[in-house]
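The values are calculated or read from the model by the stated rules, or taken from the named source; none is laboratory data. As the structure is a prediction and not an experimental result, all values here were calculated from the model. Here Cβ is always computed from backbone atoms with ideal geometry, including for glycine, and neighbour counts include all displayed protein chains.
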Amino acid sequence: MHPYTPQKPPLPRSTEELRDTIPGWGVDLDPADRPAVPRLQDRPGLDGGIPEPAERQPERWPRERSIEHGMLTPVFGTSCPPKGLSGRIRRLAYARYSEARAAHWLLLLGADRVDTLESTLGSFLGRQPDNLLAETGVRSELSHGGFSSRVGRGRADLVHQPLDAVIVLGPWVLAGYGAVTAVRRVARLRRTG
C-alpha cells in the first residue's frame with residue numbers, strides 16, 4: 001500500500017459540518033471574501049514573470065559555478081575572490097564535480113582549511129601578525145569567569161574542551177618549533193660554512 005495516491009482522500013466530515021463546528025472555517029472559500037483576489041486574477045500582460053532579464057553584473061575573472069548551471073546568476077558575490085592554492089582547489093571542485101557528489105563538498109571543505117593556513121602564514125609575513133591572545137579570547141577567559149562558567153553546570157561540551165587547546169594552540173606550537181629549528185640550522189650552517 002502506498003501512502004500517496006493520485007486521488008484526494010475523502011474528508012472525514014463535510015464542508016458544511018466543518019463550517020458549523022469550527023468557527024471561521026472556510027472563510028476564504030468564496031473569492032469575493034479574499035482581499036488578495038484582484039492580484040490573483042489573470043489580466044492581460046500580467047503573467048507574474050519578469051518581462052526582460054536583469055542587467056548582468058560584469059564578470060571580471062572566471063567565477064566558480066556548478067556544472068549543473070548553464071550560466072551565472074545576473075548578480076553574484078565578489079567580496080572574496082579565490083586566491084592561492086585554496087582558490088585552485090575550489091575551482092577544481094566546481095569544474096569537475098557535481099554539487100550532488102561528496103567529492104565537491106569535501107574539496108570545498110579542504111579549500112577552507114587551506115585558506116585558513118594561507119591566511120595564518122600570510123599574517124606572519126605581514127607587518128602586523130595575528131594577535132593570538134586577543135583573537136582567541138584567552139584574556140576574556142581569565143577576566144570574565146571562563147573557568148567558573150564551565151565547572152559544575154552539567155555542560156555536555158566539557159569532554160572535548162581539553163582538545164580545544166591542542167587544536168587551537170597545537171599548530172602555533174608546531175610552527176614555532178619549526179621556526180626555531182630552521183633558525184638553528186641556518187646558524188649552524190653559517191658557522192660551519
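Contact list please: Cβ distance under 6 Å, first residue in region 14-26 and assigned to a helix (DSSP H, G or I), second residue surrounded by 10 or more Cβ atoms within 10 Å (Cβ to Cβ), pairs at least six apart or on different chains.
The qualifying pairs are L18/W25; R19/W25; R19/G26.
Anything in region 122-136 that is farther than 21 Å from D164 by Cα and hydrophobic (A, V, I, L, M, F, W, C)? List them, or say none.
F124, L125, listed by residue number.
What are the pairs, 6+ residues apart or on separate chains, where a residue within region 125-147 that is basic (K, R) has its Cβ under 7 Å from a residue that is exposed (fewer than 12 other Cβ atoms within 10 Å of the Cβ)?
R139/L133
I'm trying to understand the selection: among the residues of region 67-82, which are closer than 30 Å to T120 by Cβ and in contact (Cβ under 8 Å) with a residue 12 or more places away in the chain?
Of everything in region 67-82, those that are closer than 30 Å to T120 by Cβ and in contact (Cβ under 8 Å) with a residue 12 or more places away in the chain turn out to be F76, T78, P81, P82.
If you scan region 34-58, which residues turn out to be at pLDDT 70 or above and surrounded by 10 or more Cβ atoms within 10 Å (Cβ to Cβ)?
R34, R56, Q57, listed by residue number.
Suppose we keep only residues that are exposed (fewer than 10 other Cβ atoms within 10 Å of the Cβ) and charged (D, E, K, R) within region 144-179. Which one would you say is nearest to R113 (Cα to Cα)?
D157
With aliphatic (A, V, I, L, M), touching a helix residue (DSSP H, G or I) at 6+ places or on another chain (Cβ under 9 Å) and closer than 30 Å to E59 by Cβ as the only criterion, which of L85, L169, L109, L133 stands out?
Exactly one of L85, L169, L109, L133 is aliphatic (A, V, I, L, M), touching a helix residue (DSSP H, G or I) at 6+ places or on another chain (Cβ under 9 Å) and closer than 30 Å to E59 by Cβ, namely L85.
Let's see how each residue does on (1) farther than 24 Å from L132 by Cα; (2) of a type in the set (D, E, K, R); (3) touching a strand residue (DSSP E or B) at 6+ places or on another chain (Cβ under 9 Å):
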{"site": "R150", "(1), (2), (3)": "no, yes, no"}
{"site": "A156", "(1), (2), (3)": "yes, no, no"}
{"site": "Q161", "(1), (2), (3)": "no, no, no"}
{"site": "D164", "(1), (2), (3)": "no, yes, no"}
{"site": "P171", "(1), (2), (3)": "no, no, no"}
{"site": "G176", "(1), (2), (3)": "no, no, no"}
{"site": "V183", "(1), (2), (3)": "no, no, no"}
{"site": "A187", "(1), (2), (3)": "yes, no, no"}
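In the list E99, E118, E141, which residue meets the criterion of being surrounded by 12 or more Cβ atoms within 10 Å (Cβ to Cβ), of a type in the set (D, E) and within 19 Å of the chain's Cα centre (by Cα)?
E99
Checking A93 against (1) at pLDDT 85 or above; (2) within 30 Å of A179 (Cβ to Cβ), only one condition comes out false. Which one?
So the condition that A93 fails would be (2).
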